[in-house]
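See structure below.
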């Protein structure tokens, strides 16, 4: 079973078109389906158990507060994933990263959703080797599914 993906814009500092929310939900659902159908899910990962994954797009202030409260780390961040099925995405971080990397902001937001879904599939990125494995799973998914997200 593939979880429903709901993307909510919970910030007002950065304009997010309604069409982007729909595109992110579609792309996230496609990514979840591919992740679940592949070898990318580790044993005891929470993703297969979820009927719904909620994605909250937040500003830097909220991202920093959640980062500090739940991870004990100061400052805003790109993605925080909770095993109960919520992915918190720092919109302002995504826009800055997109500009730095010459990427469309929508693609960077999509990358963060894939990243969060991979965390729910049991992937970690704290250690360099884990981060490399996660990116090796993440980037081909982003590349393959991006045309369906932007189209």
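Taking the range 69-94 as the range and being assigned to a helix (DSSP H, G or I) and either without any contact (Cβ under 8 Å) to a residue 12 or more places away in the chain or crowded, with 16+ Cβ neighbours inside 10 Å (or both) as the test, the residues that pass are 69, 71, 91, 92, 93, 94. For residue 134, the conditions (1) under 13 Å from the mean Cα position of the chain (by Cα); (2) free of Cβ contacts under 8 Å to residues at least 24 places away in the same chain; (3) assigned to a helix (DSSP H, G or I); (4) within 23 Å of residue 8 (Cβ to Cβ) all hold with the exception of (4). One residue alone among 57, 5 is free of Cβ contacts under 8 Å to residues at least 60 places away in the same chain, in a strand (DSSP E or B) and in contact with a helix residue (DSSP H, G or I) (Cβ under 7 Å, 6 or more places away or on another chain), and that residue is 57.
Across the range 103-151, the qualifying residues are those that are over 21 Å from residue 29 (Cβ atoms) and touching a helix residue (DSSP H, G or I) at 6+ places or on another chain (Cβ under 6 Å), and the one among them that is surrounded by the fewest Cβ atoms within 10 Å (Cβ to Cβ) is 124. Here is a check on your reading of the model: is residue 24 crowded, with 17+ Cβ neighbours inside 10 Å, at pLDDT 95 or above and part of a helix (DSSP H, G or I)? Spelling it out, residue 24 is indeed crowded, with 17+ Cβ neighbours inside 10 Å, at pLDDT 95 or above and part of a helix (DSSP H, G or I).
The values are calculated or read from the model by the stated rules, or taken from the named source; none is laboratory data. Note that this is a predicted model, so its numbers are computed, not measured. Neighbour counts are summed over all protein chains in view; Cβ atoms, including those assigned to glycine, are modelled from backbone coordinates with ideal geometry.
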